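Report on one structure; see the data block that follows.
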Amino acid sequence: MSENKIALAIHGGAGTILKSRMTAELESEYRSGLKTALEAGWKILLNGGTSLDAVEAAVVELENCALFNAGKGAVFTHDGKNEMDASMMDGAAHKAGAVAFVRNVKNPIRLARLVMERTEHILLAGDGANEFAREMNVESAADEYFFTDFRYQQLLEARTRGTVQLDHATDEPQLIEEIAGFKFQVSNEKPETLNLKPEIKNLGTVGAVASDWRGNLAAATSTGGMTNKKFGRIGDTPIVGAGTYADNRTCAVSCTGHGEFFMLAAAAYDVAARMKYKSSSLIEAAEATVDYLRDIGGEGGLIAVDASGNIAAPFNSEGMYRASASADGGMKIEIYR
């Protein structure tokens, strides 16, 4: 049996993330957001805390950062609402909790954990999930907290095109400046005309996976979904085995990408299955799963960790916002291929 080693990996989305389209200021803001989240989770692991607490803390920080499509930075539905999904899985207890279509919940990942620990269920959705949030006194936020001009402009552009966007896609200088300067101002004014150029396509989801000193694994994933989504669409994020999975015997996984394909591939569980049934290493299994996603037309990536402290972060897109910390490798923050 390999020695248990603490390790943590996080992601903030994958997609067409090109250095040629990235300003130095914008890149600095993304790296700062990733660093804050990584340090929040890593501090818990260094102090002997649990993997569950570590992934929750990391994802909460990502949800609080308007740069990422989760929590405060959640994109808008076709009806101009913010509907969020999240899930968490405990690799030791082999239990999971998830929520979908939650509104006005400041940190959906906290609610997902409560579903796992306080109910006999795995997935709560819509009005029921929101009612559960109120019963649990989960911190809420008004619509204005989630409103950013940048995200709303994405919605208007998607409506104009009649398309659903996986996340923000623009190189409009003014918008880039707003992101780089972190100028996400609450506003009641909703612009009606836009001229956006789709250059940076970002498959927005955030997530974290961790191994603590006991060898217990955990995974957490959170998202605002797709811009302009209709008809109650749910992606892979709240689906255990598709977007999130953890089992102490194999690995913990959090995915980001075009959710429909991750559901078809049962991507998060697929990594664990390759380790369990083919005796693949963590890196071999993770890379094989991402290769399969490419074969069926899926774009994105995943992060994974095992109890020996090994970390994998393969992706088949141009880039993936990611960061990791381990007992052996120190801290790393990366964006591009």
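The values are calculated or read from the model by the stated rules, or taken from the named source; none is laboratory data. Computed from a prediction, not measured in an experiment: that's the story for all the values here. Here the Cβ is made from the backbone with ideal geometry for all residues, glycine too, and neighbour counts use every protein chain on show.
Data for the structure
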read-out	value
Complete set of residues in segment 47-64 that are part of a loop (DSSP other than H, G, I, E, B), more than 16 Å from the chain's Cα centre (by Cα) and in contact (Cβ under 8 Å) with a residue 12 or more places away in the chain	G48, G49, T50
Some residue of segment 309-332 being β-branched (V, I, T), assigned to a loop (DSSP other than H, G, I, E, B) and either in contact with a strand residue (DSSP E or B) (Cβ under 6 Å, 6 or more places away or on another chain) or farther than 23 Å from D212 by Cα (or both)	no
Members of segment 48-59 that are within 19 Å of M136 (Cα to Cα) and surrounded by fewer than 23 Cβ atoms within 10 Å (Cβ to Cβ)	D53
Inter-residue pairs, beta-carbon under 8 Å, first closer than 23 Å to N69 by Cα and assigned to a loop (DSSP other than H, G, I, E, B) and in segment 129-149, second β-branched (V, I, T) and modelled with pLDDT under 95, 6+ apart	F147/V186; T148/V186
Residue match in segment 322-336 (condition: surrounded by fewer than 24 Cβ atoms within 10 Å (Cβ to Cβ) and closer than 15 Å to A267 by Cα)	no
Condition check for I335: of a type in the set (A, V, I, L, M), over 30 Å from A129 (Cβ atoms) and not in a helix (DSSP H, G or I)	yes
Criterion violated by V115 - all others in (1) crowded, with 23+ Cβ neighbours inside 10 Å; (2) outside any helix (DSSP H, G or I) satisfied	(2)
Segment 229-253, residues that are over 21 Å from L62 (Cβ atoms) and either under 11 Å from the mean Cα position of the chain (by Cα) or surrounded by fewer than 24 Cβ atoms within 10 Å (Cβ to Cβ) (or both)	K230, F231, G232, R233, G241, D247, N248, R249
Tally of residues being part of a loop (DSSP other than H, G, I, E, B) and either touching a residue at least 24 places away in the same chain (Cβ under 8 Å) or touching a Phe, Trp or Tyr at 6+ places or on another chain (Cβ under 8 Å) (or both) across segment 1-21	7
Restricting segment 67-93 to residues that are small (G, A, S) and more than 13 Å from the chain's Cα centre (by Cα), the residue that is nearest to I335 (Cα to Cα)	G91
Enumeration of residues in segment 108-125 that are in contact (Cβ under 8 Å) with a residue 40 or more places away in the chain and touching a strand residue (DSSP E or B) at 6+ places or on another chain (Cβ under 8 Å)	P108, I109, A112, R113, I122, L123, A125
Failed condition for T244, given (1) modelled with pLDDT under 95; (2) touching a strand residue (DSSP E or B) at 6+ places or on another chain (Cβ under 7 Å)	(1)
Residue in segment 28-42 that is more than 23 Å from S254 (Cα to Cα) and touching a residue at least 40 places away in the same chain (Cβ under 8 Å) present	yes
Residue in segment 81-100 that is crowded, with 24+ Cβ neighbours inside 10 Å and part of a helix (DSSP H, G or I) present	no
Matching option when the condition is in contact with a Lys or Arg (Cβ under 8 Å, 6 or more places away or on another chain), surrounded by 24 or more Cβ atoms within 10 Å (Cβ to Cβ) and modelled with pLDDT of 95 or more, among T256, T289	T289
Residue match in segment 65-76 (condition: surrounded by fewer than 24 Cβ atoms within 10 Å (Cβ to Cβ), touching a residue at least 12 places away in the same chain (Cβ under 8 Å) and farther than 24 Å from A325 by Cα)	yes
